[in-house]
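**Student:** Dumping the structure here so I can ask a few things about it.
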Amino acid sequence: MSQKVLLNATEVHIALHRLACQLIENHDTFEDTVLIGLQPRGIFLAKRLKSLLENDYKIKNIQLGHLDITFFRDDFRRGEKPLEANTTQINFIVEDKKVVFVDDVLYTGRSIRAALTAIQSFGRPEEIELLTLIDRRFSRHLPIQPDYRGRQVDAINKEKVKVCWEEQDGEDAVYLINS
Amino acid sequence: MSELSVNHLLGIKYISEADIHLIFETADHFKEVINRPIKKVPSLRDITIANLFFENSTRTRLSFELAEKRLSADVINFSAASSSVKKGETLIDTVNNILSMKVDMVVMRHPNPGAGVFLSKHINASIVNAGDGAHEHPTQALLDCYSIRERLKDVAGKKVVIVGDILHSRVALSNIFALQKLGAEVKVCGPKTLIPKYIERIGVSYEKNLRSALEWCDVANMLRVQNERMDISYFPSTREYTQQYGVNKALLDSLGKEIVVMHPGPINRGVEITSDVADSKQAIILEQVQNGVAIRMAVLYLLASKIQHNEN
């Protein structure tokens, strides 16, 4: 097994600031905008962006929710491993809101497909956008593309992209793992 | 662990402590789902479930049906009262006929103890026991323990007394197994005629006096007096039963501590429990009903995940 650094800590931070600025361009004061981190690993990125927007760019009261898509996945009973659910925490209604899905890696697009269905349980959003730190090109199974991307990566199927966060894994970095 | 050790839920006797915890954790997620504005998930959209009720039921049947629909399963209902069972069809024939219509899971209530176990040896579908005679009622025990866990944070180390008709009660037996597996201490209380002779052999002690039992416990589970199952007279009169084994507000207030009161329903108000107790904050009867849907969703979801997807 070999691994290659795709983004180091400095590069991750630059990407986060750029993504935050791009969000501000489109959403201004975030009055009608909510961030939804996708479980399990999208929530770290979503929390980072929220604190960056609030502390460095002085935007107040950004609403953040966690969405778990386990019960909406299309591979139930088809995988070898059973699916494990995570917590969903959305304490607001997304009716007529601008929703931004936040996830670490965009790969086949199937999780996003599930999230698009799952979010309907909380109302009808005015629009939905997608933000990912890593966009794996050429690996999509569905016609889904991100609106904001940190870095585009060409990876073949047996390679894995791993995003590490300081609060969870001890460092900020993105690795390409070849097994 | 993220998978059940069994393919059917026939009784608490057959599952492990880890299975129970897995069901509880999964139920936590479903409890969040059923409190959403839209209370439905598509997980079981390609699963068909038959609810076979060979014995009357309102609560359990509605609860299962709601759980199935909230998981997007296709549901067919069957009740013995209006079926060919009356014409003399056997259990296996009835079920095989229903299964030949491509049913993946069966939820069954039956008056004979062991009906679920018997069926599991003869058919392929995944079976959930919704009560078999005086044997087991596993989902009721799971939702009871889940409700205790919700109210008192944990089941382990708690003292639970089950009061009333233990002899005819599948709820009692399943509850005893579940509580013991989760590390709670269990006593039973009621007229000696309604206590099974084997009770001490399964590690449960008997307390004749209701007041001493209530003083000892953290949770009192009040069972219904099952008049329909009593072929002979087990106690002199309902009035006498109520005087000795009925819980009222005055009795609860005189205990000097607050205990949790449960009841699996349907309540005989004024017999085993008075209205002011049933409607008080100490009673978690309606929480039990709500948790029932989440628990049954968890059980169906976890069992369905063990049915391999078939391309045909």
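**Student:** Here are some residues: B:166, B:123. Which one is modelled with pLDDT under 90, over 12 Å from the mean Cα position of the chain (by Cα), among the hydrophobic types (A, V, I, L, M, F, W, C) and part of a loop (DSSP other than H, G, I, E, B)?
**Tutor:** Working: B:166 fails: modelled with pLDDT under 90.
Only one candidate passes the filter, namely B:123.
**Student:** Residue under question is residue B:142, and the condition is that it be closer than 19 Å to residue B:19 by Cα, buried (at least 24 other Cβ atoms within 10 Å of the Cβ) and either touching a residue at least 60 places away in the same chain (Cβ under 8 Å) or not assigned by TED's automatic domain parsing to the domain that holds residue B:91 (or both); does it hold? Show your work before the answer.
**Tutor:** Values: closer than 19 Å to residue B:19 by Cα: yes; buried (at least 24 other Cβ atoms within 10 Å of the Cβ): yes; either touching a residue at least 60 places away in the same chain (Cβ under 8 Å) or not assigned by TED's automatic domain parsing to the domain that holds residue B:91 (or both): yes.
The answer is yes for residue B:142.
**Student:** Looking at A:95, A:31, A:84, which is the one that is within 21 Å of residue A:125 (Cβ to Cβ), of a type in the set (Asp, Glu), within 14 Å of chain B (Cβ to nearest Cβ) and not in a helix (DSSP H, G or I)? Full working, then the answer.
**Tutor:** Working: A:31 fails: within 14 Å of chain B (Cβ to nearest Cβ); A:84 fails: within 21 Å of residue A:125 (Cβ to Cβ).
Exactly one of A:95, A:31, A:84 is within 21 Å of residue A:125 (Cβ to Cβ), of a type in the set (Asp, Glu), within 14 Å of chain B (Cβ to nearest Cβ) and not in a helix (DSSP H, G or I), namely A:95.
**Student:** Surrounded by fewer than 21 Cβ atoms within 10 Å (Cβ to Cβ), within 14 Å of chain B (Cβ to nearest Cβ) and at pLDDT 95 or above, is that true of residue A:78?
**Tutor:** Numbers: surrounded by fewer than 21 Cβ atoms within 10 Å (Cβ to Cβ): yes; within 14 Å of chain B (Cβ to nearest Cβ): yes; at pLDDT 95 or above: no.
When the stated conditions are applied, residue A:78 does not pass them.
**Student:** For region B:2-22, which residues satisfy the criterion of being assigned to a loop (DSSP other than H, G, I, E, B) and away from chain A (no Cβ under 14 Å)? Quick ask: steps written out before the conclusion?
**Tutor:** Start the filter on region B:2-22 by keeping residues that are assigned to a loop (DSSP other than H, G, I, E, B), which leaves B:2-8, B:10-11, B:15-16.
Result: B:8, B:10, B:11, B:15, B:16.
**Student:** When you go through (1) buried (at least 18 other Cβ atoms within 10 Å of the Cβ); (2) part of a helix (DSSP H, G or I) one by one for residue B:212, which number turns out not to apply?
**Tutor:** In the conditions (1) buried (at least 18 other Cβ atoms within 10 Å of the Cβ); (2) part of a helix (DSSP H, G or I), residue B:212 misses (1) alone.
**Student:** Could you run through region A:21-33 and say how many residues are surrounded by 19 or more Cβ atoms within 10 Å (Cβ to Cβ) and among the aliphatic types (A, V, I, L, M)?
**Tutor:** 1
**Student:** Ok, one more. Report the residue count in region B:25-63 for those that are within 30 Å of residue A:91 (Cβ to Cβ), touching a residue at least 40 places away in the same chain (Cβ under 8 Å) and more than 14 Å from chain A (Cβ to nearest Cβ).
**Tutor:** Result for region B:25-63: 1.
**Student:** Also, quick follow-up: Residues being buried (at least 18 other Cβ atoms within 10 Å of the Cβ), within 14 Å of another protein chain (Cβ to nearest Cβ) and not in a strand (DSSP E or B): count how many of those fall in region A:34-75.
**Tutor:** Of the residues in that region, 7 qualify.
**Student:** Regarding region A:141-162, can at least one residue be identified that is within 14 Å of another protein chain (Cβ to nearest Cβ) and in contact with a Lys or Arg (Cβ under 9 Å, 6 or more places away or on another chain)? Step through it out loud before you land on a result.
**Tutor:** As a first pass, look at region A:141-162 and keep what is within 14 Å of another protein chain (Cβ to nearest Cβ): none.
No.
**Student:** Do we find that residue B:77 is more than 20 Å from the chain's Cα centre (by Cα) and surrounded by fewer than 16 Cβ atoms within 10 Å (Cβ to Cβ) in this structure? Talk me through it step by step, then tell me what you get.
**Tutor:** Numbers: more than 20 Å from the chain's Cα centre (by Cα): no; surrounded by fewer than 16 Cβ atoms within 10 Å (Cβ to Cβ): yes.
So residue B:77 does not fit the description; no.
**Student:** Which condition does residue A:142 not pass, out of (1) modelled with pLDDT of 90 or more; (2) closer than 30 Å to residue B:4 by Cβ, if it passes all the others?
**Tutor:** Exception for residue A:142: condition (2).
**Student:** If residue A:95 satisfies every condition in (1) at pLDDT 95 or above; (2) surrounded by fewer than 21 Cβ atoms within 10 Å (Cβ to Cβ) but one, which is the exception?
**Tutor:** (1)
**Student:** Look at region B:256-311 and say how many of its residues are within 14 Å of another protein chain (Cβ to nearest Cβ) and more than 15 Å from the chain's Cα centre (by Cα).
**Tutor:** 11
**Student:** Of the residues that sit in region A:98-115 and are within 14 Å of chain B (Cβ to nearest Cβ), without any contact (Cβ under 8 Å) to a residue 60 or more places away in the chain and touching a helix residue (DSSP H, G or I) at 6+ places or on another chain (Cβ under 9 Å), which one is nearest to residue A:39 (Cα to Cα)? Steps first, please.
**Tutor:** Filtering region A:98-115 down to residues within 14 Å of chain B (Cβ to nearest Cβ) leaves A:110, A:113-115.
Cutting the leftovers down to without any contact (Cβ under 8 Å) to a residue 60 or more places away in the chain gives us A:110, A:113-114.
From what is left, the residues that are touching a helix residue (DSSP H, G or I) at 6+ places or on another chain (Cβ under 9 Å) are A:113-114.
Details: A:113: 14, A:114: 12 Å.
My answer is A:114.
The values are calculated or read from the model by the stated rules, or taken from the named source; none is laboratory data. Values in this document were obtained by computation on a predicted structure and should not be read as measured data. Backbone-built Cβ (ideal geometry, glycine too); neighbour counts: all protein chains shown.
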